[in-house]
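Read the structure below first, then the notes.
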Amino acid sequence: MAAEQQNEVKIPQMEENKKNSIDGSLGLEILQIIKDSQQQHGLRHGDYQRYRGYCSRRLRRLRKTLGFKMGNRHKFTGKKVTVELLSDNRHLLLVLMEAERAWSYAMQLKQEANTEPRKRFHLLARLRKAAKHGEQLEKLCESPRVDAKTKLEAQAYTAYLNGMVQFELQEWKSAMEAFNKCKTIYEKLASAFTEEQAVLYHQRVEEISPNIRYCAYNIGDQNAINDLMQMRLSAGGGGGMMAEKLEALITQTRAKQAAVMSEVEWRGRTVPVRIDKARIFLLGLADNEAAIIQADNEETKERLYESLLAECRDTIQAVREELRTDVKQRERAAEGADSGKVSNLQYLHSYLTYIKLWTVVRRNESMAHALQAKLKEPQTDENKRGPRPQDLIRLYDIILQSLAELSSLQGLEEDHTFQKEVALKTLVYKAYRCFYIAQSYVLVKKWSEALVLYERVLKYTREVQSKAKSFNNSLKDLPDVQELIAEVSAEKYSLQAAAILVILKRIPLSDRLDHFRLDPTLLSKQPNLVQFPPDFQPIPCKPLFFDLALNHVAFPPLDDKVEQKGKGGITGYFRGFFGFGS
């Protein structure tokens with residue numbers, strides 16, 4: 001902590017001691033200062049409390065340096081920076097840090113307000129305080145001693161803080177006007193400087209744009225919802241403040257559309273949908289799948305898959321609870337058992353379970369593609385652990401488990417077409433799983449095991465090709481089997497050559513004296529000259545003799561030759577006790 005405070009003392013002092021411009025006007029890089037401070041002191045990890053502590057410490061240093069004390073240790077005396085006192089750009093920095101401290105406290109309270117709603121009132125108070133300090137900074141910058149760039153940046157900063165206040169109060173029109181003003185100023189500043197200097201302004205404009213679209217939608221612009229949907233494709237969504245509001249907005253929009261949705265069709269059967277949560281999920285399913293397809297990178301795609309799976313689990317739970325509370329479900333189940341048809345609610349549950357399991361299959365397949373690409377890349381850092389075939393085996397295990405659950409869904413036991421499609425997909429993923437098991441054996445140089453597994457892969461692929469003629473549509477979402485066959489064929493030949501070389505290397509010199517072959521190992525410290533220890537040789541064993549006649553021999557009685565002991569009575573007992581007699 002002490003080292004951190006020493007570092008933060010050095011950096012601000014360099015900025016605070018900058019000389020004013022040549023013509024004597026005061027200048028302050030407002031956006032550059034706050035962005036650098038935020039990135040270096042907690043906001044990179046969303047730690048607003050740490051940033052607020054930094055702002056407080058910096059304010060204390062500024063007041064001490066400028067001699068701008070607020071009374072003494074016994075009495076507080078309020079003191080404001082006025083235009084008459086404005087003799088150094090650090091006076092402007094003082095007001096800026098007060099605004100940043102209030103803003104960071106408001107953002108900290110916003111995080112805590114999720115579990116403690118009463119803190120929202122304190123949050124609004126701190127945001128208003130930040131906006132008040134921003135207005136004070138703007139008034140100070142109206143002085144003729146301040147340069148034009150600082151005036152524009154102060155106006156944009158104040159407009160941003162005012163927009164945040166109106167945004168939290170849900171005054172959409174006022175918030176949109178403030179954000180638009182801020183955006184316009186930053187765009188003008190970006191156009192007035194070089195590309196390197198304009199990068200920071202463009203980043204600020206991108207941060208503000210989601211808020212403007214959100215306000216436009218709430219005002220009544222229905223076209224803005226399409227822009228908000230596209231924001232989900234970005235890695236950060238709409239930013240920390242917009243993330244929850246964006247999800248709530250999308251859910252609200254789907255809820256309005258769900259009012260007109262009454263049924264869904266799947267595999268030739270139309271099922272009524274009476275549960276609102278299921279309607280909302282099924283309406284957004286197409287949008288979620290389109291967003292996954294349009295995702296630019298694997299990280300965004302993984303995040304969208306997780307979001308879709310979370311929604312699907314919640315929807316399945318809602319349907320499951322409805323199944324438990326349905327009193328007539330048992331009667332319908334008894335009737336369905338006779339007719340071979342499940343109830344509509346149970347069929348809807350099977351449909352949602354199918355969506356969840358197939359999404360798990362697609363997500364793991366997407367992860368497998370990413371790992372396959374990394375597996376083919378050359379590894380530069382030997383100390384860093386790279387991807388291994390075992391990682392892919394685990395992914396394909398999860399895929400096969402999901403497919404096994406698909407084949408046992410209620411209501412689809414008699415659907416032979418569905419069962420054949422699942423069996424075909426299972427064969428494809430079994431082939432890929434078997435291929436990477438063979439790859440793992442190759443790494444440990446177990447050539448024979450790997451060759452056997454490659455043959456199993458070719459067996460699976462031949463079965464897929466023979467059964468795929470009648471299921472052309474079922475293979476469009478599956479990996480290409482032909483590429484796997486070509487790769488396995490190439491690997492087989494290289495494995496056979498490696499196995500032969502290993503066998504030749506194992507033959508000692510004494511067994512191949514008639515064949516010349518260059519063997520560098522003969523000049524090493526452990527040359528393979530003879531086989532040691534030698535193999536065991538068979539030798540004749542010593543014969544074993546068993547005396548079988550002993551069991552059939554009858555021995556004569558020996559009772560007459562054995563000495564009989566006489567009975568002595570009690571006298572003999574005492575004689576023996578005291579040691580007399582024999």
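The values are calculated or read from the model by the stated rules, or taken from the named source; none is laboratory data. In this text, all values refer to a predicted model and were calculated from it rather than measured experimentally. Neighbour counts are summed over all protein chains in view; Cβ atoms, including those assigned to glycine, are modelled from backbone coordinates with ideal geometry. Just the protein is used for accessible areas: all its heavy atoms, side chains included, with ligands, DNA and RNA removed. Shrake-Rupley method; radii C 1.70, N 1.55, O 1.52, S 1.80 Å.
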Label-point separation in nm, residue 197 to residue 302, each point 7 Å along Cα→Cβ
4.1
Considering Cα pairs under 8 angstrom that are at least six residues apart, work out the relative contact order of region 395-511 and quote it in whole percent.
25
Using the Karplus equation 6.51 cos²θ - 1.76 cosθ + 1.60 (θ = phi - 60°), what ³J(HN,Hα) coupling, rounded to whole Hz, does each residue of region 192-205 give in order, writing x for Gly and Pro?
8, 10, 6, 5, 5, 6, 7, 4, 5, 5, 5, 5, 5, 5
Using θ = phi - 60° and the Karplus form 6.51 cos²θ - 1.76 cosθ + 1.60, what ³J(HN,Hα) does each residue of region 272-285 get, whole Hz, x for Gly and Pro?
x, 10, 9, 8, 4, 5, 5, 4, 4, 5, 5, 5, x, 4
For residue 516 and residue 530 in the same chain, what is the full-extension length gain: residue separation times 0.36 nm, less their Cα-Cα distance, in nm?
3.4 nm
Given backbone amide H placed at 1.01 Å from N, residues whose amide H is under 5 Å from that of residue 26, ignoring those fewer than 5 places away on the same chain, are 146, 147
At 1.4 Å probe size, with no ligands or nucleic acids counted, give the accessible surface of residue 535 in Å², nearest ten.
100
Using a 10 Å cut-off on Cβ atoms, rank the peptides 509-520, 367-378, 169-180 from the highest mean neighbour count down.
169-180, 367-378, 509-520
Given a cut-off of 22 Å, name the pairs among 110/277; 149/188; 301/356 whose C-alpha atoms lie farther apart than that in the structure shown.
110/277
Rounded to the nearest Å, what's the spacing between the alpha carbon centres of region 516-543 and region 28-92? Just the number, please.
83
Could you list, bin by bin from short to long, the percent of Cα-Cα pairs of region 352-437 in 10 Å steps?
16, 43, 25, 11, 4, 1
Over the heavy atoms of residue 91, what accessible area does a 1.4 Å probe trace out, to the nearest 10 Å²?
20
Explain nothing, just compute: Karplus ³J(HN,Hα) = 6.51 cos²θ - 1.76 cosθ + 1.60, θ = phi - 60°, for every residue of region 50-62 in order, whole Hz, x for Gly and Pro.
5, 5, 5, x, 5, 4, 5, 5, 5, 4, 4, 5, 5
Which of the peptides 135-142, 110-117, 295-302, 525-532 is most tightly packed, and how do the rest follow, going by the mean number of other Cβ atoms within 10 Å of each residue?
135-142, 295-302, 110-117, 525-532
14 Å beta-carbon shell around residue 81, net charge (K/R +1, D/E -1):
+2
Pairs 75/151; 79/139; 425/445; 129/151: which are spaced more than 28 Å apart, C-alpha to C-alpha?
75/151; 425/445
Between residue 539 and residue 507, the FRET efficiency computed from the C-beta separation at R0 = 22 Å comes out, to the nearest 0.05, as 0.30
When only the heavy atoms of the protein chains count and the probe is 1.4 Å, how do 275, 539 rank by accessible area, highest first?
539, 275
